[in-house]
Amino acid sequence: MRNFLKNFNWLSFAATVALIAAGAAALASAGAARGSAVMAAKWQDMLWSSAFGLALYFTLALTDYRKLLDWLSAPAYAGAIVFLVAVLLFGTVQFGGRRWLWFFQPSEISKLCVIMFTAQMFGCSHEWFKGQTGFRGFLAACVLAGVPCALILMEPDLGTALTLVPAVTVMLLAAGVWRKGLVALLAAACIGATTLLGAVHEAEKPGVPAERREALLKYVPLRDHQISRVKTFLFPETDKMAAGYNLRQSKMTIGAGGLMGRGYGRGESIRRQLLPPMGIMNDFIFCAWAEEMGFLKGSLLLLALYAVLCISTAWTAVVAEDGRGRLVALGMATLLFAHTYVNIGMTIGLVPITGLPLPFLSLGRTFLVTVLCGLGIVQSVSLHREEIK
Amino acid sequence: MKREPSLNGIVSFALLTLVFSAGFTVLAVRLRVEQVDKAAQHRSEMETQSFRRVQTAGLRGGIFDRWGTPLAVNRLSLCITVDPGAYRGGRKQGETVESRIMAALEGMAAIVGRPPAAGVEAVRRHLRVELARPLVAWRDVTEEELARFSENARDYPGFDCNADAERSYPQGTLAAHVIGRVGRDRLPPVSGGERMNFVEKELRGREGLEMQYDDYLRGMAGEERVFVDARGFATSRETVIEPRHGFDLRLTLDAGLQRVAERELAGLRGACAAIDPRDGAVRILASAPAFDPNECVPVLRSEVYRRLADDPAQPMLCRATAGTYAPGSTFKPITALAGLAAGHSAAEVYECTGAYELGGMKIRCARTWGHGGMDMAHALRESCNPYFCALGMSAGSNAVIRTARAFGLGQRTGIDFPTDAAGVVPDAAWKAEHFADPKWRPGDLAQMSMGQGQLLATPLQMARVAAALGSGWLVVPHLNEALPAERRPLAVPASHLREVRRGMRMVVDGGTGHRAGDGVDAYVIGKTGTAQVGYGANRRKNTWFIAYATPTAESRSDEPIALAMVIEDGESGGGTTAPKVAEILKAMYNRKEPAT
């Protein structure tokens, strides 16, 4: 017990609880503004899910993560693949994507499964995977992360697929898998992304003849709606009503909050439905929160909480006893950061708009419980260690 | 067992923390730009995007007669409206807001029991132009329809019942020309001078008193803010400025007398004007034929307009104030006064031989063989043409013209009414301007002396002449009861007026206009007139009667009245018009309604 109190990552837990509270408050306000009883009660829903998630959190935290990874990582990964296939076959279509299976979204769970499996593979130096730190190891990682990514992309859900990439990359870098090659690849990816953006920029900038645009876009491996999103990202002012519309609305909503905000429960954007009603409690919940709470109490405080959560989660890598624990902590921290950065970044035009939940705030029980489970495993890494000198 | 922290973990943590910190810093900086630096800009952008300003119309004031009888009021018209916002979401494949609204309207039509007023084109237009506002689907909903609607309104979202004010004229055609009519207008915005997104159509007076007192009746526009969502559908609304109701207008008009006058004029073409000679309060202003102003509500439809405009009887013409007629013999009292002013005596006897000869032209008297010798009073009593020709010729053009103008002829009366014809009192300059023969000839004077020739007057002007003859005051007629009396004394000696009144009394008391006084419980003086217009086959007679009545001990009313009535294509002033005037006077003065 003394060990528990000492090794428990209180900072991470406090940030988690604070974020759950903030999420419930944000959803309560947004739901009330939606003016429907169902939506107004969603925050309670989320609290129950949080309670369930916290129960799992502690169960996992008290379970030795080594046993957990040994026993669970492979079946969980296999299960994730099965569910991802199942959702493509039997899932429910919503907002242009086939993402729902019964009551949950397999793609959200699969993120944690991939992190666990990657940690297990590269962290514990399994006898059948010993010393695979070269290119072969990288290829193996590509396959094990690539299969679920491909399945998620088929839903299609680009955002979710993309958050896995930084998490896995960070884990591979930390595990020392093909490090030089990976760094080179990252550099190449940066150049590639820049080239891609440059190409779209060149093709879509005002006054470009249609033939030239066609010729340029022929080499851009993106779908039309993705190109239009990139274009909106590059030229937000050109496209006020169609693709750039959401960005304009979200920026306006956030900006209208000002320094101190309009006050809790007094946001105008939802009541007047300035943002897509379905997005406002999901991907755009930050806008509503920032409008009501303002820059100081809303945005900065929330960013601080996320920073504390991410960094304290990453800190577990320092105290972790073995590689597996280190990788799980780093993976989870990166996943959380990616979600937070992409979600908030897209609302202010830093990142192209893509559907991605904001941890703890966005409506979505699957992702909430997944994140809590992941943090629970990280907590277990923190608890199940020996004293550091 | 203590152990060293792993170097790998520390390096990873440090690098990752660096990346995280950088990321969160970028977010914080960008959020600061949006929320602090650009906050005001975003907020104002949000304001303009998120509400629409609607100018709402105030309720128009009513018009009432002097006793409070409503002449123009607002009728509540129940409307069933549908808010497009209720159909914005939850669409199935292939459905549009328009198709959903049309489907709902169809379903509702089965319940209400009649097809909606708004067709697919109207719905489309509404969605394009007035998305934030409810669409009026049914107007003038009956209580029965409303009951059916209320029972089933829940089946279709967005439907509501609103009360809309519609102009209504409860007395029908009564005083139609006086009240006038209204039209619906989109007004330029009034409040604040800022741009309105929607301006409710407001009733504007187009004719008559509705136009004259439009500003007074209209009230003040209000402002409503409709909050809209990003697609422009209304989400809620609030009143910023309550519209202010217009003021009620109380008239001097007497609806009862007006009705009698209109009854007497029914089926004819003509007009009647009556004023209180003391202060110019207009009691009757009737023109026939009339139109029903209710036909012009809510809008004057083109087929109704065509019918009214193409009618040769000109039902839209307010004959009482805009119809100019030769006054005929009703002008003779003025000639008489001109003669007296020129030094003639009322007692002078003139020998009527049946015609007045003027340079080879003969002006005939009504009595072919002449009236023989008579004085002024008898000349008025018999309306002797040669007498007044001779008197006018003797008095001279200037005297006759000056006297006519002293009675307000040839000038607008100054009534608070949009149409107020000046009529014509011709003189040499006028003739030179209007006629090929510019010379002012003796014949012109002779014609004018008996109220013919180019002389033109409106019934209202002649009522004013009657009032001036009876009271010695020239009044400015007014219809708004709140207006103060405006009058000035006639520049005519009282003794002259007494002579003329004596003659005018004899007109009613056994003279040409005796039928105007028959059975009237009041002291009536008057003058007949039969003005000939046109020549040959077109020759017609407009028959006049002007009267001035003062109450006697038996009279019901204690007010005097001055009245003029003209009937187009009548037989004679005494035969056609005088009995009708008597009916009006009886309605005013007689205690017992005459058995009809």
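The values are calculated or read from the model by the stated rules, or taken from the named source; none is laboratory data. This structure is a prediction, so every number in the text was calculated from the model and none was measured. Virtual Cβ from ideal backbone geometry, glycine too; neighbours counted across all protein chains shown. These accessible areas exclude ligands, DNA and RNA; they are computed on the full protein's heavy atoms, side chains included. Shrake-Rupley method; radii C 1.70, N 1.55, O 1.52, S 1.80 Å.
Counting heavy atoms of the protein chains only and a 1.4 Å probe, report the per residue accessible area for chain A as a whole number of Å².
Values: 15990 Å² over 389 residues.
Accessible surface, normalised per residue, equals 41 Å².
Using the Cβ of B:GLU554 as centre and a radius below 13 Å, the other residues enclosed give a net charge of +2, where K and R count +1 and D and E count -1. Here each label is just a point 7 Å from Cα along the line to Cβ, and for B:ARG154 and B:GLU357 those points are 10.1 nm apart. From the largest down, the range B:469-596 spans 47, 41, 33 angstrom on the principal axes of its Cα atoms.
Given the pairs B:LYS541/B:LYS580; A:LYS6/A:LYS111; B:LYS527/B:LYS580, which are separated by over 19 angstrom at their Cα positions?
From the list (B:LYS541/B:LYS580; A:LYS6/A:LYS111; B:LYS527/B:LYS580), the Cα-Cα distance tops 19 Å for A:LYS6/A:LYS111.
With a Förster radius of 25 Å applied to the beta-carbon distance between A:ALA41 and B:GLN93, the computed FRET efficiency rounds to 0.30.
Relative to the present Cα-Cα distance, how much length would full extension add between B:ARG128 and B:ARG488 at 0.36 nm per residue of separation?
123.5 nm
Rounded to the nearest 500, what is chain B's calculated 222 nm mean residue ellipticity when only DSSP H runs of at least 4 contribute -39500 (n - 2.57) each, over all residues?
Details: 20 runs with 205 residues, N = 596.
After summing the helix terms and dividing by residue count, I get -10000 deg cm²/dmol.
I need the Kirkwood Rh of the protein assembly as shown: take the reciprocal of the average 1/r across all distinct C-alpha pairs and report it in angstrom. The partial results should precede the final answer.
Working: mean 1/r = 0.0276 Å⁻¹.
The answer is 36.2 Å.
Under 20 Å of direct C-alpha separation, and excluding same-chain neighbours fewer than eight residues apart, B:LYS431 reaches these aspartates and glutamates: B:ASP444.
The alpha carbon centroids of the range A:191-227 and the range B:396-427 are separated by 86 Å. Could you tell me the calculated FRET efficiency between B:VAL26 and A:ILE191, based on Cβ-Cβ distance and R0 = 35 angstrom, to the nearest 0.05? Efficiency, rounded to the nearest 0.05: 0.95. Surface composition of the range B:52-250: carbon and sulfur make up 48 percent of the accessible area, probe 1.4 Å. The mean count of C-beta atoms from other chains within 10 Å of the C-beta of residues in B:234-245, rounded to a whole number, is 1. In Å², rounded to the nearest 100, what is the total accessible surface buried by chains B and A against each other with a 1.4 Å probe? For B against A, buried area totals roughly 4300 Å². For the protein assembly as shown, the Cβ-based charge dipole about the Cα centre amounts to some 2180 debye (Lys, Arg positive; Asp, Glu negative; other atoms uncharged). Per residue, the accessible area of the range B:255-589 comes to 38 Å² when a 1.4 Å probe rolls over the protein heavy atoms. Of all segments of chain A bounded by GluC sites (Glu not before Pro) found in a DSSP loop with no more than 14 other C-beta atoms within 10 Å, the longest spans A:1-385.
Report, as an integer, the average count of C-beta atoms from other chains found within 10 Å of each Cβ along A:323-336. Before the final figure, lay out each step's value.
Numbers: counts 3, 0, 2, 5, 3, 0, 4, 6, 0, 0, 6, 3, 0, 1.
For peptide A:323-336, the averaged partner shielding equals 2.
In this simple spin-label model, placing a label point 7 Å from the Cα along the Cα-to-Cβ direction at both B:VAL11 and B:ASP185 gives a separation of 8.5 nm. Compute the Cα gyration tensor for the range A:140-211, then decide on rounded, prolate or oblate, letting a ≥ b ≥ c be the square roots of its eigenvalues: rounded whenever a/c is under 1.5, prolate when a/b is larger than b/c in the other cases, and oblate in all that remain. Note, shape of the range A:140-211 comes out oblate. Counting only the backbone N, which residues of the range B:315-339 are under 13 Å from the spot 7 Å out from the Cα of B:TRP430 toward its beta-carbon? Under 13 Å, as judged by backbone N against the label point of B:TRP430, lie B:324-328 of the range B:315-339. Bridges between two residues of the protein assembly as shown, per DSSP, are antiparallel at a rate of about 95%.
What whole-number volume per residue, in cubic angstrom, does the convex hull of the C-alpha atoms of the range B:52-250 give?
On the way: hull volume 27.0 nm³, N = 199.
Once divided by residue count, the hull of the range B:52-250 is 136 Å³.
Peptide A:344-351 has a mean shielding of 4, counted as Cβ atoms of other protein chains within 10 Å of each residue's Cβ.
According to the square roots a ≥ b ≥ c of the eigenvalues of the Cα gyration tensor, what is the shape class of the range A:1-92, taking rounded for a/c under 1.5, prolate for a/b larger than b/c otherwise, and oblate for the remainder? Walk me through the numbers on the way to the answer.
On the way: a/c = 3.59, a/b = 1.17, b/c = 3.06.
It comes out oblate by the Cα gyration axes.
When the surface is traced with a 1.4 Å probe over the full set of protein chains, B:TRP430 keeps roughly 60 Å² accessible. Per-peptide packing, taken as the mean over residues of other Cβ atoms within 10 Å, places B:570-576, B:311-317 in the sequence B:570-576, B:311-317 from highest down.
Over every Cα atom in the range A:2-383, the radius of gyration and the widest Cα-Cα span, Dmax, amount to 21.1, 71 Å. Among the trypsin sites (Lys or Arg not before Pro) in the range B:20-114, those placed in a DSSP loop whose Cβ has at most 12 other Cβ atoms within 10 Å are B:ARG91, B:LYS92. Cross-link partners for B:LYS586 among the aspartates and glutamates, with Cα-Cα distance under 12 Å and sequence neighbours closer than 8 places in the same chain left out: B:ASP518, B:ASP521, B:GLU554. Here the range B:110-124 is scanned for amide nitrogen atoms under 11 Å from the site 7 Å beyond the Cα of B:ALA103 along Cα-to-Cβ, giving none. Between A:VAL208, B:ALA346, B:VAL120, the Cα set farthest toward the positive side of the dipole of the protein assembly as shown (charges on each charged residue's Cβ, about the Cα centre) is that of A:VAL208.
Measuring with a 1.4 angstrom probe and ignoring ligands and nucleic acids, A:CYS190 comes out at about 90 Å² accessible. When peptides B:411-417, A:79-85, A:166-172 are sorted by average Cβ neighbour count within 10 Å, with the highest value leading, the order is A:166-172, B:411-417, A:79-85.
Over the Cα atoms of chain B, the radius of gyration divided by the Kirkwood radius equals 1.26; this is the Rg/Rh ratio.
Keeping all protein chains in place and using 1.4 angstrom, which order do A:PHE52, B:PHE159, A:PHE4, A:PHE58 fall into by accessible surface area, from largest down? List each step's numbers first, then the result.
On the way: A:PHE52 120, B:PHE159 25, A:PHE4 45, A:PHE58 70 Å².
Listed by decreasing accessible area, they come as A:PHE52, A:PHE58, A:PHE4, B:PHE159.
Take the alpha-carbon positions of the range B:202-333, form their convex hull, and give its projected area averaged over all directions (one quarter of the hull surface) in nm².
Working: hull surface 51.0 nm².
Taking a quarter of the hull surface, the average projection is 12.7 nm².
Ordering B:VAL129, A:VAL200 by accessible surface, largest first, gives B:VAL129, A:VAL200; the 1.4 Å probe counts only protein heavy atoms, with every chain in place.
Computed with a 1.4 Å probe on the full set of protein chains, the accessible area for A:SER228 sits at about 40 Å². Taking Cα centre as origin and charging only the Cβ of basic (Lys, Arg, +1) and acidic (Asp, Glu, -1) residues, the dipole magnitude of chain A rounds to 260 debye.
Residues in the range B:495-523 near a label at B:ALA553, defined as backbone nitrogen under 17 Å from the 7 Å Cα→Cβ point? Residues passing the 17 Å test: B:521-523. In this calculation the C-beta distance from A:LEU153 to A:ALA215 is compared with R0 = 30 Å, giving a FRET efficiency of 0.70.
Residues of the range A:277-322 that bury at least 30 Å² of accessible area when the other protein chains are present, relative to the chain alone (probe 1.4 Å, heavy atoms, ligands and nucleic acids excluded): A:PHE295, A:LEU303, A:ILE311, A:ALA314, A:VAL318. The Cα center of the range A:316-349 and the Cα center of the range A:250-292 differ in position by 27 Å. Ellipsoid fit via the Cα gyration tensor, the range B:255-589: semi-axes of 30, 24, 19 Å, each the root of five times an eigenvalue, largest first. Remark: C-alpha extents of the range B:116-155 on the principal axes read 32, 19, 15 Å, sorted largest to smallest. I want the local charge near B:GLU34. Using Cβ-Cβ distances under 14 Å, sum +1 for each Lys or Arg and -1 for each Asp or Glu among the other residues. So the environment of B:GLU34 carries a net charge of +3.
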